[in-house]
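Dumping the structure here so I can ask a few things about it.
The values are calculated or read from the model by the stated rules, or taken from the named source; none is laboratory data. The structure displayed is predicted, hence computed values, not measured ones. Neighbour counts run over all protein chains shown; Cβ positions are idealised from the backbone, glycine included. Surface accessibility is based on the protein's heavy atoms, side chains included, excluding ligands, DNA and RNA. Shrake-Rupley method; radii C 1.70, N 1.55, O 1.52, S 1.80 Å.
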Amino acid sequence: MRYCFLSALVLFCLSRCASPTVDYFAKQDSGVQTGNIKMVEISTPKGKFHVWTKRFGNNPKIKVLLLHGGPGGTHEYFECFENFLPKEGIEFIYYDQLDSWYSDRPNDSSLWTTDHFVEEVEQVRRALGLNKDNFYLLGHSWGGILAMEYALKYQANLKGLIISNMMASMPEYEKYNGTLRSKMRKSLVDSLKGYEDRGLYKDSVYQALVIKEYYHEHLCRLAEWPDPVTRMFNHLSEGIYVTMQGPSEFKTGGRLITWDRSKDLGQITVPTLMIGGEYDTMDPRYMEWMSKQVRKGSYVYCPEGSHCDMWDDQAHYFPGLIKFLKDGDQTN
């Protein structure tokens, strides 16, 4: 009996040593604790700058770097992730891209290119110690473009990829935008066109019409926009947005106007999740099609969701995202 007890004790100790419990709240750095905020130095052709990052939790196998939209937005509208990922033990990292609100803002338009931002993500990855055994990249909207571009160049560094609410082609996005616009009442469309023909995109009446008739239908459908969403819009860098996207959601015309990676999706071989919402500015059926073009794709559909379906369809968005991350952890 004594030997059986000792054998059981040895087996128990070995199993504990083989599968140590991960301390999700372990300190990330020694010294003064800063809320896990790190200003990452990046090198550019125009000199060295710093970008803002903030890490939540500790999980050696799942580390999700969040790429915000815009271009020129901020991490702020991702703050709802804090109610869902920590309790699942999933580590995630906020990151404001260069010239966004919390990072350095050199205001140099020569740096506002996809090539620059891809290299910036790679420098952030290295600085934070992310690798193919733990690194998930989640890109939303413009961040989805950036995530696709990063994967096509650096997917050897990735464990998985999430494209949230972004089509693989700006021309196809613009076409779908026209479809949504055609469903609006004719008097509204005529009024919007009148302002656009005169270049009055900043006019208060035009802005009010767009927010009420378009943004509240297709960007975020909550009756009252959450504070993090409002803060993000207040902090949006208009310079980057107009230069890369164009003067408005209705009028693409920036540097991204011809961007199209629809024929290159088959080159993405890492597990990839596409997320689309029924009321999104991006076609949810196109998003589902994208999931079938990559090698290891899956799709989460948010029937109540818009472009920010992490807010207006949390019941579908987060269970789908969490399942993808945990399934990837079990298969690697």
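Looking at (1) open to solvent by 10 Å² or more (accessible area, probe 1.4 Å); (2) at pLDDT below 95, can you tell me which one Lys326 breaks?
Going through the list (1) open to solvent by 10 Å² or more (accessible area, probe 1.4 Å); (2) at pLDDT below 95, Lys326 breaks only (2).
Next question, about the same structure. Any chance you could count how many residues in the stretch 230-258 are over 18 Å from Ser103 (Cα atoms), assigned to a helix (DSSP H, G or I) and open to solvent by less than 20 Å² (accessible area, probe 1.4 Å)?
1
Sticking with this structure for a sec: Taking the stretch 123-136 only, how many residues are under 14 Å from Gln97 (Cα atoms) and open to solvent by less than 10 Å² (accessible area, probe 1.4 Å)?
1
Further, regarding this structure: Among the listed residues Asn131, Asn177, which satisfies the condition of being over 15 Å from the mean Cα position of the chain (by Cα) and part of a loop (DSSP other than H, G, I, E, B)?
That would be Asn131, the only listed residue that is over 15 Å from the mean Cα position of the chain (by Cα) and part of a loop (DSSP other than H, G, I, E, B).
Report the residue count in the stretch 180-226 for those that are free of Cβ contacts under 8 Å to residues at least 24 places away in the same chain and either surrounded by fewer than 14 Cβ atoms within 10 Å (Cβ to Cβ) or more than 28 Å from Cys302 (Cα to Cα) (or both).
23
Right, next: Go over the candidates Ile145, Ile163 one by one and state the one that is outside any helix (DSSP H, G or I), in contact with a Leu (Cβ under 9 Å, 6 or more places away or on another chain), within 20 Å of Asp283 (Cβ to Cβ) and open to solvent by less than 30 Å² (accessible area, probe 1.4 Å).
Ile163
Output the qualifying pairs, or none if there are none: Cβ atoms under 7 angstrom, residues six or more apart or on different chains, first residue in the stretch 79-103 and touching a residue at least 24 places away in the same chain (Cβ under 8 Å), second residue open to solvent by less than 30 Å² (accessible area, probe 1.4 Å) and among the acidic types (Asp, Glu).
Taking only residues 6 or more apart or on different chains, the pairs are Gln97/Glu120; Leu98/Glu120; Tyr102/Asp96; Ser103/Asp96.
Given the criterion farther than 18 Å from Arg125 by Cβ and surrounded by fewer than 23 Cβ atoms within 10 Å (Cβ to Cβ), identify the matching residue among Lys61, Lys27, Lys38.
Lys27
A further question on this structure: I need the strands (runs of 3 or more DSSP E) fully contained in the stretch 18-80, keeping only those with at least 2 residues that are more than 24 Å from Met166 (Cα to Cα).
The qualifying strands (runs of 3 or more DSSP E) are 37-44, 47-56.
Let me ask something else. With respect to Ile211, is the statement that it is at pLDDT below 95 and either within 22 Å of Glu76 (Cβ to Cβ) or β-branched (Val, Ile, Thr) (or both) true?
Yes; evaluated as a whole, the condition is true for this residue.
Is it the case that some residue within the stretch 124-131 is of a type outside the set (S, T, N, Q), touching a helix residue (DSSP H, G or I) at 6+ places or on another chain (Cβ under 8 Å) and at pLDDT below 90?
No.
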